[in-house]
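The values are calculated or read from the model by the stated rules, or taken from the named source; none is laboratory data. Everything numeric in this text was worked out from a predicted model, so none of it was measured. Methodologically, a virtual Cβ is constructed for each residue, glycine included, from the backbone with ideal geometry; neighbour enumeration extends over all protein chains shown.
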Amino acid sequence: MTVYDFGLESDTYDLYYETEYGREVDRREKKCIEKCFSGINRENVLEIGCGTGHWTNFFSENGFKLKCIDYSPKMLEKAINKNIPNAEFSIGNASNLEFAAESFDSVFSITCLEFVADRAKAFSEIYRVLKPKGILLLAVLNQNSQLAKSKSEISTFENAHFYTKNELKDLLSDYSEIYINDCAKLNDDAMLVLDDENNDHEGMMIVVKAMK
């Protein structure tokens, strides 16, 4: 179960990436996530919360072979219609994964776990389906970002759970080699800063790479 029905946005979701602002945020987020690709087996990846396939396409372009699940049939239909190479799509629930234990070399989930009703179960399920030494690549929205200050005013986000870096460290305490970064930083006026690397604000997105 999710706290927001993304099917309501299935026809318009990708339009964000056609805006100047959306393209720049996307560029920064992909740059941050791409830094994590080193050492990840590209043959056996589960993507949780694939939505319209925006991130699926990025992963496919970088050589990953994926099984992709999403809770929303309407979002999933958009992803399927993109005919993304090396990606298989099916309906799925992050809190009740229909896969055997230790099935995947890697699990990717990009801005999904903010919207899962039973977050603790979702994290437990991810750990269960990962193989020993498997990699979790996770990106979530940041509670300490400027975006979080206005989340109650945005219908998509008002019931979502944004995370802090310390909270993620606690949730991933059974993992090792935990790497955490953030990106797409906003200034006090909620405008993108010129340089993510040299700025004291925390980014809208937190990116985590961890080994089981």
Query - Only one of Cys36, Cys50 that is at negative phi, modelled with pLDDT of 95 or more, touching an Asp or Glu at 6+ places or on another chain (Cβ under 6 Å) and not in a helix (DSSP H, G or I) - result: Cys50
Query raised in the report: Tally time: how many residues in region 114-161 are touching a strand residue (DSSP E or B) at 6+ places or on another chain (Cβ under 6 Å), part of a helix (DSSP H, G or I) and of a type in the set (Gly, Ala, Ser)?
Result: 1
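Every residue in region 105-154 that is polar (S, T, N, Q) and either in contact with a Cys (Cβ under 8 Å, 6 or more places away or on another chain) or touching a residue at least 24 places away in the same chain (Cβ under 8 Å) (or both), please.
Listed by number, the residues that qualify are Ser106, Ser109, Thr111, Asn142, Gln143, Asn144, Ser145, Gln146, Ser150.
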Query raised in the report: Could you count how many residues in region 1-60 are closer than 16 Å to Met204 by Cβ, buried (at least 19 other Cβ atoms within 10 Å of the Cβ) and of a type in the set (Phe, Trp, Tyr)?
Result: 1
Query raised in the report: Does Ala210 qualify as being closer than 24 Å to Glu102 by Cβ, among the small types (Gly, Ala, Ser), surrounded by 20 or more Cβ atoms within 10 Å (Cβ to Cβ) and under 17 Å from the mean Cα position of the chain (by Cα)?
Result: yes
